[in-house]
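Visitor: Input: one structure, supplied below.
The values are calculated or read from the model by the stated rules, or taken from the named source; none is laboratory data. In this text, all values refer to a predicted model and were calculated from it rather than measured experimentally. Positions of Cβ are generated from backbone atoms using ideal geometry, with glycine treated the same way; all protein chains shown enter the neighbour counts.
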Amino acid sequence: MIDAATLAQMNGEYVMPPDAGPAWRAAAEYGFDMSLIEASLKLTPEQRLAEHQQVINFMIELQESGQAHGTK
Amino acid sequence: MAQNDQALLMRLKDSGLDFVVIGGLCVVYHGVPVATFDLDICCPFGDENVRRIESAVKDLNPVHRLTANKLPMEQTRDSFKDLKNIYLQTDLGKLDCLSEVTGLGGYEQVLQQSILHSMSFGQFRMLSLNALIAAKIATGRQKDLDAVRLLSAVKEKKESQNELF
């Protein structure tokens, strides 16, 4: 049986880390998905840049594909 | 149009140019995953340094991307000594070279607020987290202020973990 808190997390509710400081809480309350920051901080800087490059490559490919199909 | 920041960084390093990586890639470097479609650096200017930039990208069809006619870089050599910024489109992507950073100052000030980081493809100077936050605040633009919220959260977390930045 899945409890209500777990179900909420499964539905996207962000669980504030126990060590979250005021800036972290403010950013979360502002609406940023802090789980993305948590994931990024688990990577090395070089891994972050490599991941960014992959994202950029995909976005450019998507953009060019859209243009090729007449999407504006 | 491609955007290969790693290749551009390696070429700039090989050219002998001194530079500090600033802008969106630096935001990513410090742990905030944003999508950025250009490579921004701060570097010393003057004829010799601009020639180094040119040598780094000369086989990549560089053009001044903000000029109306997309002027090829090679046609503007007479103006190299007068440039304070360069905004290029190359076959490996957009490369913006700035002589100063708002809120921080010129290259020497930026250099003093940078950190040297070793990666598998070389050692590069990146703007420190504190300096990046200061620069973003100084622009006052909403997108930069949004980035400051996240960079401040990262800074807070790193401070709590006694990490250097």
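Visitor: Mind checking which helices (runs of 4 or more DSSP H) fall wholly inside chain A and carry at least 1 residues that are under 15 Å from the mean Cα position of the chain (by Cα), within 7 Å of another protein chain (Cβ to nearest Cβ) and hydroxyl-bearing (Ser, Thr, Tyr)?
Guide: A:22-30, A:34-41
Visitor: Would you mind telling me which numbered condition in (1) surrounded by fewer than 15 Cβ atoms within 10 Å (Cβ to Cβ); (2) of a type in the set (A, V, I, L, M); (3) touching a Lys or Arg at 6+ places or on another chain (Cβ under 8 Å) residue B:68 fails?
Guide: With respect to (1) surrounded by fewer than 15 Cβ atoms within 10 Å (Cβ to Cβ); (2) of a type in the set (A, V, I, L, M); (3) touching a Lys or Arg at 6+ places or on another chain (Cβ under 8 Å), residue B:68 is out only on (3).
Visitor: I would also like to ask the following. Look at residue A:25 and say whether it is farther than 21 Å from residue B:35 by Cβ and surrounded by 13 or more Cβ atoms within 10 Å (Cβ to Cβ). Can you show your working first?
Guide: Working: farther than 21 Å from residue B:35 by Cβ: yes; surrounded by 13 or more Cβ atoms within 10 Å (Cβ to Cβ): yes.
So residue A:25 fits the description; yes.
Visitor: Is it the case that some residue within the range A:6-29 is over 15 Å from residue B:156 (Cα atoms), at pLDDT 90 or above and not small (Gly, Ala, Ser)?
Guide: Yes - at least one qualifying residue is present in the range A:6-29.
Visitor: Follow-up. Just to be sure I understand, how many residues within the range B:125-150 are within 13 Å of chain A (Cβ to nearest Cβ) and part of a loop (DSSP other than H, G, I, E, B)?
Guide: Total satisfying the criteria: 1.
Visitor: Then there's this: Among the residues that make up the range B:92-103, is at least one of them closer than 16 Å to residue B:4 by Cα and loosely packed, with under 12 Cβ neighbours inside 10 Å?
Guide: Taking every residue of the range B:92-103 in turn, none turns out to be closer than 16 Å to residue B:4 by Cα and loosely packed, with under 12 Cβ neighbours inside 10 Å.
Visitor: Only one of (1) part of a loop (DSSP other than H, G, I, E, B); (2) touching a Phe, Trp or Tyr at 6+ places or on another chain (Cβ under 9 Å) fails for residue B:153. Which number is that?
Guide: So the condition that residue B:153 fails would be (1).
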